[in-house]
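The values are calculated or read from the model by the stated rules, or taken from the named source; none is laboratory data. Just so we're clear, the structure is a prediction, and the values are computed from it rather than from any experiment. Note that each Cβ is placed from the backbone with ideal geometry, even for glycine, and that neighbours are counted across all protein chains shown. Keep in mind that these areas ignore ligands, DNA and RNA; they rest on the heavy atoms of the full protein, side chains included. Shrake-Rupley method; radii C 1.70, N 1.55, O 1.52, S 1.80 Å.
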Amino acid sequence: MNATPAPGPAGPESPSSGAPAAVPFRGRGPFLAKAPPFWLPMRHFVFAAASFWVFAAAFLWGNGRLLGFDFDARWVLGLTHTLTLGWVAMTLFGAMCQLAPVLWETSLASERAAAAAWWLLAAGAAAFVGALWSGSEGYWLGASLAASGVTLYLYVLAKTMLAAAKLDWTGKHLALGLVYLVALAGFGVALAYDRQRAILFRDPEGALIAHVHLALVGWVSLSIMGVSYRLVSMFALSHLSAKTPGRLALALANIGLLGLTLDAGFLGRRLMPVWASLLTLAYVAYAFQLRRIFSERNRRIDPALAFTLLALAGGAAWAALGVGLAFGWVADSTEARLAYVSCALLGWATPFILGQIHKIVPFLVWLHVYSPRSWTPPVVVPKIQDLTSERVAWLELAALAGAMVLTPAGFLTESQALLRAGAILLLSCATLYGANTALTLSHVIRRDARWTPPSA
Ligand code: HEM
């Protein structure tokens, strides 16, 4: 670890060098002035890390309620939304709040409304899951509260995008993702309300399939694809040249998803193999686009890039299982569906999120604590990677790689032992990630004496 003397207008020379009086060095990044306050994105990432841990602990603790006669639908539904609302949704909203000034060169439309949306989503998710796990029938109230939080995020992000001078390619993916988010939340609340009443949906299972794919493909995957083109090429120091495969991926994903939603939600699920094939072709085209970014990279594979590669492998397993289920090559059982959802959430979304957050959180802390907003050289500052442990990140990756294989295998083979082994590895990953995040955030609470605090 080597401390880099920060360059000031006077260069690293010490004031005693007789050089002209050094003037305070100020950050010049144009987005800094428009960036949201540190705690707005950070409260999302902290809540998400805690939700990931709660999910992993509950997944291990309630491991006996996932298979066969012991299958507990309420427990599983609560587990699913701890991960999808608490970990995935919170991270995506936090990242969008942070990235808005970078992507669209405009400030967030309303930081206060974004903070209020955080409270509604956090309280709604907790109430929804809490009611499901405590046996209360009123869980649709929590679901509605969560949906109201989602609606407020939509207002803030849509208003921010409309104020953008230009919506770039990443922005277009995120805008489409938000449209699907409206639909999934609507389906979600209607499903929560209709679960005991069965008055809204002629085919509740079809409506559930529509909800799940609007969420996993429409919102989560389109957002991941859009953000990856910007962040992965940035982290890989690689230039995104031709976008043809990416454009094809976007078109096929939308056609496949719209077809699937209409067919599953309203037309009796007649053409599922067609939609599954289109979505898989979309994924292949996307993987081609990412392959280009990786092949042109100018940086070694660090944990962040390795997590992205792991996500690509997990996404391929998810697509393959989807085709197997749609064509009937895999029996359509509850366990096979849980394997399918775990491939999407643990094999595709989670490694991708860990890969990006491992860069974003240390960068935000560096910016907030150590960035040269008001320094007078000479100073000693850390590199961004000094704020996190790369060794721990590699251990997280190894644990997650094991969990993302053992969990769907445990469901598909109905093996309690494999499921438990997967759950132990997943809890190890979530605990290591929590510790690594705490290590980075410790710089906010207690300054590290190795580095020059900005006010010095
Ligand atoms: C406001 C937001 C949401 C609400 C109100 C909601 C509500 C629901 C409800 C009520 C069900 C059960 C339906 C049934 O079995 O009849 C369900 C299932 C499911 N939802 Fe959501 N959901 C929301 C957001 C999400 C998101 C963002 C994701 C994924 C990223 C997601 C993924 C799933 C999955 C995978 C299932 C099937 C799991 C299972 O049956 O246990 N949901 N959702």
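In terms of the Cα gyration tensor, with a ≥ b ≥ c the square roots of its eigenvalues, is the range 238-343 rounded because a/c is under 1.5, prolate because a/b exceeds b/c, or oblate?
Working: a/c = 3.35, a/b = 1.67, b/c = 2.01.
Oblate, since a/c reaches 1.5 and b/c is not below a/b.
Heavy-atom accessible area per residue, the chain, 1.4 Å probe: how many Å²?
With all protein chains present, the chain gives 42 Å² per residue.
Label the range 300-456 by shape, choosing from rounded, prolate and oblate, from the square roots a ≥ b ≥ c of the eigenvalues of the Cα gyration tensor; if a/c is under 1.5 it is rounded, and otherwise prolate applies when a/b is larger than b/c, oblate when it is not.
Note, shape of the range 300-456 comes out prolate.
Is it possible to state the helix-based mean residue ellipticity at 222 nm for the chain, with each DSSP H run of 4+ residues giving -39500 (n - 2.57), the sum divided by total residues, to the nearest 500 deg cm²/dmol? What is it?
Details: 16 runs with 299 residues, N = 456.
Calculated at 222 nm, the ellipticity per residue is -22500 deg cm²/dmol.
Principal axes first, then extents: for the Cα atoms of the chain, list largest minus smallest coordinate on each axis, whole Å, largest first.
Reported extents, whole Å, longest axis first: 81, 44, 42.
Give the residue list of trypsin sites (Lys or Arg not before Pro) in the range 267-302 that are DSSP loop and have at most 13 other beta-carbon atoms within 10 angstrom.
R270, R299, R300
With all protein chains present and a 1.4 Å probe, how do W329, W366, W318 order by accessible area, largest first? It would help to have the intermediate numbers written out before the result.
Details: W329 180, W366 45, W318 25 Å².
The residues order as W329, W366, W318, largest area first.
From the phi angles alone, apply the Karplus equation (6.51, -1.76, 1.60; θ = phi - 60°) to the range 176-188 and give each ³J(HN,Hα) in whole Hz, x where the residue is Gly or Pro.
Per residue, the Karplus-derived 3J(HN,Hα) values read 4, x, 5, 4, 5, 5, 4, 5, 5, 5, x, 4, x Hz.
Got a sec to turn the phi values of the range 336-341 into Karplus ³J(HN,Hα) couplings, 6.51 cos²θ - 1.76 cosθ + 1.60 with θ = phi - 60°, whole Hz, x for Gly and Pro?
Computed from phi, the couplings for the range 336-341 are 5, 5, 5, 4, 4, 5 Hz.
Explain nothing, just the number: dipole magnitude of the range 300-456 about its Cα centre with +1 on each Lys and Arg Cβ and -1 on each Asp and Glu Cβ, in debye rounded to the nearest 20.
For the range 300-456, the charge dipole is close to 620 debye.
Counting Lys and Arg as +1 and Asp and Glu as -1, what is the net charge of the other residues whose Cβ lies under 13 Å from the Cβ of P382? If you can, show how the numbers build up before the last one.
Details: positive: K383, R447, R450; negative: D386, D448.
Summing Lys and Arg as +1 and Asp and Glu as -1 gives +1.
Suppose every Lys and Arg Cβ carries +1 and every Asp and Glu Cβ carries -1, with no other charges. What dipole size does the chain come out with about its Cα centre, to the nearest 20 debye?
Rounded to the nearest 20 debye, it is 1020 debye.
Can you sort V405, V102 by 1.4 Å-probe accessible area, starting with the largest? All intermediate terms of the calculation are to be shown ahead of the outcome.
Details: V405 95, V102 50 Å².
Correct descending sequence by accessible area is V405, V102.
Leaving ligands, DNA and RNA out of it, work out the accessible area of S415 with a 1.4 Å probe and give it in Å² to the nearest 10.
Here the residue's solvent-accessible area equals roughly 30 Å².
For the charge dipole of the range 298-384, defined by +1 on Lys and Arg C-beta atoms and -1 on Asp and Glu C-beta atoms about the Cα centroid, which residue among A336, L310, A320 has the Cα displaced farthest towards the positive pole?
Farthest towards the positive end: L310.
What residues have an amide H closer than 5 Å to that of V330, excluding those fewer than 5 places away on the same chain, when H is modeled at 1.01 Å from N in the peptide plane?
Counting only residues 5 or more places away or on other chains, the set is L325.
Short version: ³J(HN,Hα) in whole Hz for each residue of the range 66-82, in order, from phi by Karplus 6.51 cos²θ - 1.76 cosθ + 1.60 (θ = phi - 60°), x for Gly and Pro, what are they?
Once θ is set to phi - 60°, the couplings for the range 66-82 become 10, 10, x, 5, 7, 4, 10, 4, 5, 4, 5, 5, x, 4, 4, 7, 5 Hz.
Using alpha carbon centroids, what distance separates the range 160-199 and the range 30-107, in Å?
16
In the range 28-80, which chymotrypsin sites (Phe, Trp or Tyr not before Pro) are in a loop and have at most 14 other Cβ atoms within 10 Å, using DSSP for the loop call?
Listed in order of number, the matching sites are F71.
Considering only protein heavy atoms and a probe of 1.4 Å, how much of the accessible area of the chain is carbon and sulfur, as a whole percent?
Working: 13060 of 19230 Å².
In the chain, the share of accessible area belonging to carbon and sulfur is 68 percent.
Taking 0.36 nm per intervening residue step and subtracting the Cα-Cα distance, what contour gain separates S110 from L167 on full extension?
18.7 nm
Quick one: order K34, K172, K166 from most to least accessible surface, probe 1.4 Å.
K166, K172, K34
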